[in-house]
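Reviewing the structure listed below.
The values are calculated or read from the model by the stated rules, or taken from the named source; none is laboratory data. Here the structure is a predicted model, which means the values were calculated and not measured. So basically every Cβ, Gly included, is an ideal-geometry build from the backbone, and we count neighbours across all protein chains shown. To get the accessible areas, we keep the full protein, side chains included, count just its heavy atoms, and leave off ligands, DNA and RNA. Shrake-Rupley method; radii C 1.70, N 1.55, O 1.52, S 1.80 Å.
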Amino acid sequence: MREYFENVSKINYEGANSKNPYSFKYYNPDEIIGDKAMKEHLRFALSYWHTLTATGADPFGVGTMIRPWDSETNEMDLAKARMEAAFELMDKLNIEYFCFHDRDIAPEGKTLQETNKNLDEIVALCKSLMKKYNKKLLWGTANCFTNPRYVHGAGTSCNADVFAYAAAQIKKAIEITKELDGENYVFWGGREGYETLLNTDMGLELDNFARLLQMAVDYAKEIGFTGQFLIEPKPKEPTKHQYDFDAATVLGFLKNYNLDKYFKVNIEANHATLAQHTFQHELHFARINKFLGSIDANQGDPLLGWDTDQFPTNIYDATLAMYEILKNGGLAPGGVNFDSKVRRASFEKEDLFLAYIAGMDTFAKGLRVAYKLLENGDLEDFIKEKYSSFTEGIGKEIVEGKVGFKELEAYALNNNPIINKSGRQELLESIVNQYIFEDHK
């Protein structure tokens with residue numbers, strides 16, 4: 001098999017003092033953090049689409065990426081070359097998992113039959129490479145947004161023929177995810193939304209999307225697929241009003257259609273930004289509602305209003321993300337998928353390694369800092385004290401449901417003055433900074 005990254009050797013952990021750009025400074029896979037190895041906490045995954053198929057094109061210019069596999073002119077040969085390159089990259093980066101859309105790994109044919117044949121051929125190759133390199137599929141999904149047939153959506157399309165095609169495509173994607181022992185299956189509603197209500201039956205679209213998800217649940221049971229179903233919230237882009245806007249919207253939708261017991265969320269950092277939330281907020285909301293399943297690790301540019309999908313390097317955000325993940329008890333069977341792409345000007349193939357190293361080190365250090373924060377309990381103790389009034393007296397009676405308006409009115413009439421305490425936000429932020437600054441390992 002051809003070597004595609006001949007100038008890069010296996011990436012090893014060398015510690016924070018290393019000056020070697022092709023080394024991990026903080027990611028030490030077998031280092032024990034708490035009760036398990038760092039690699040088990042993080043479960044890093046390579047995103048097939050951004051890594052193997054992205055060209056660097058943007059609305060103002062053509063692609064810039066220089067990739068050795070692009071010399072293949074036949075579509076299937078190109079697909080096979082990309083697959084081989086993906087496993088070499090994962091092997092050298094010590095990444096255990098990968099994620100893909102069906103259309104990332106195999107070209108679409110003239111008919112659905114031809115498309116599925118292409119997919120089966122590439123899946124067979126993928127299966128053999130997974131065994132050779134000992135790699136695993138974190139999740140699979142179907143790309144029901146790129147092809148022009150999905151101009152009006154997929155599960156929310158106004159065209160029943162399109163709905164049927166999307167269902168067939170998703171059925172196949174679930175089958176190949178099961179064949180590759182995928183641990184999760186993701187629904188990303190890239191076109192599930194609308195631009196104007198002047199031509200939209202929102203009620204029917206939401207009902208149909210729920211029907212599609214229920215069909216997926218039923219089919220998974222039929223074929224014995226036991227992986228976790230995930231929904232990835234995404235605001236704006238591409239439609240103005242996305243039905244999967246944020247974690248709260250997704251949870252409301254799932255509960256409304258009695259689907260909440262089957263699905264969790266795959267939270268992406270950049271999508272949180274587009275929803276005008278922090279990454280921590282989305283993770284926290286999902287965690288306290290017991291439906292945090294997996295994450296897409298990236299970051300957006302706060303000066304830009306679109307999904308830039310940059311590799312994560314913000315240690316503050318990574319620390320708070322890992323804090324929520326630790327409080328969640330981890331992500332398994334989910335993981336940390338780098339839904340990230342190198343910048344358009346980072347076009348050499350070696351830049352892929354440098355970008356992944358930066359992202360993996362950022363989350364590794366975030367894990368270390370978050371573990372210390374949680375272990376010492378500085379933030380937890382403060383929050384416990386802040387809400388202590390609900391652990392005794394009238395507050396305890398409120399929580400236990402022992403009082404109503406009349407009792408609370410009587411209490412309030414005789415409780416003067418009311419005394420509040422400071423929230424000490426700046427102190428808590430400085431404590432987080434202190435933990436980040438002190439962790440030099």
Selection within the stretch 136-173 - part of a loop (DSSP other than H, G, I, E, B), out of contact with any helix residue (DSSP H, G or I) (no Cβ under 6 Å at 6 or more places or on another chain) and of a type outside the set (Gly, Ala, Ser) | Phe145, Thr146, Asn147, Val151, His152, Cys158, Asn159
Go through (1) of a type outside the set (A, V, I, L, M, F, W, C); (2) open to solvent by 40 Å² or more (accessible area, probe 1.4 Å); (3) farther than 27 Å from Asn12 by Cβ one by one and return the number of the condition Pro107 breaks.
-> (2)
Do we find a residue being touching a helix residue (DSSP H, G or I) at 6+ places or on another chain (Cβ under 9 Å), outside any helix (DSSP H, G or I), touching a residue at least 12 places away in the same chain (Cβ under 8 Å) and not hydroxyl-bearing (Ser, Thr, Tyr) anywhere in the stretch 114-125?
-> no
Considering (1) under 15 Å from the mean Cα position of the chain (by Cα); (2) of a type in the set (Phe, Trp, Tyr); (3) open to solvent by 10 Å² or more (accessible area, probe 1.4 Å), say which one Phe338 fails and leave the rest.
-> (3)
Scanning the stretch 168-193 residue by residue, the ones that are open to solvent by less than 30 Å² (accessible area, probe 1.4 Å) and either without any contact (Cβ under 8 Å) to a residue 12 or more places away in the chain or among the aromatic types (Phe, Trp, Tyr) (or both) total 2
Answer yes if at least one residue in the stretch 227-236 is in the same structural domain as Val265 (by the TED database), aliphatic (A, V, I, L, M) and open to solvent by 20 Å² or more (accessible area, probe 1.4 Å), and no otherwise.
-> no
Hey, can you tell me all the residues within the stretch 83-117 that are out of contact with any Cys (no Cβ under 8 Å at 6 or more places or on another chain), closer than 18 Å to Lys135 by Cα and either among the hydrophobic types (A, V, I, L, M, F, W, C) or not assigned by the TED database to the domain that holds Phe353 (or both)?
-> Ala85, Ala86, Phe87, Leu89, Met90, Leu93, Ile95, Phe98, Cys99, Phe100
Would you confirm whether any residue within the stretch 47-61 is open to solvent by less than 40 Å² (accessible area, probe 1.4 Å) and over 25 Å from Gln310 (Cβ atoms)?
-> no
For Gly63, indicate whether it is on the phi > 0 side of the Ramachandran plot and assigned to a loop (DSSP other than H, G, I, E, B).
-> no
Residue match in the stretch 417-426 (condition: open to solvent by less than 60 Å² (accessible area, probe 1.4 Å) and within 35 Å of the chain's Cα centre (by Cα)) = yes
Count - residues of the stretch 123-142 that are open to solvent by 20 Å² or more (accessible area, probe 1.4 Å) and within 18 Å of the chain's Cα centre (by Cα) = 1
Scan the stretch 319-329 for residues that are part of a loop (DSSP other than H, G, I, E, B) and either free of Cβ contacts under 8 Å to residues at least 40 places away in the same chain or open to solvent by less than 10 Å² (accessible area, probe 1.4 Å) (or both) and report the count.
-> 1
Look at Ile95 and say whether it is open to solvent by 20 Å² or more (accessible area, probe 1.4 Å) and in contact with a Phe, Trp or Tyr (Cβ under 8 Å, 6 or more places away or on another chain).
-> no
If you go through the stretch 341-363 one residue at a time, how many are open to solvent by less than 40 Å² (accessible area, probe 1.4 Å) and in contact with a strand residue (DSSP E or B) (Cβ under 7 Å, 6 or more places away or on another chain)?
-> 6
Are any residues in the stretch 67-106 within 24 Å of the chain's Cα centre (by Cα) and not in a helix (DSSP H, G or I), and if so, which ones?
-> Asn94, Ile95, Glu96, Tyr97, Phe98, Cys99, Phe100, His101, Ala106
Considering every residue within the stretch 20-41, establish whether at least one is over 30 Å from Asn376 (Cα atoms), in a loop (DSSP other than H, G, I, E, B), of a type in the set (Ser, Thr, Tyr) and modelled with pLDDT of 95 or more.
-> yes
When you look at Ile431, is it open to solvent by less than 70 Å² (accessible area, probe 1.4 Å) and touching an Asp or Glu at 6+ places or on another chain (Cβ under 7 Å), yes or no?
-> yes
Filtered residue count, the stretch 9-23, keeping only those that are in contact with a helix residue (DSSP H, G or I) (Cβ under 6 Å, 6 or more places away or on another chain) and either of a type in the set (Gly, Ala, Ser) or crowded, with 17+ Cβ neighbours inside 10 Å (or both) = 1
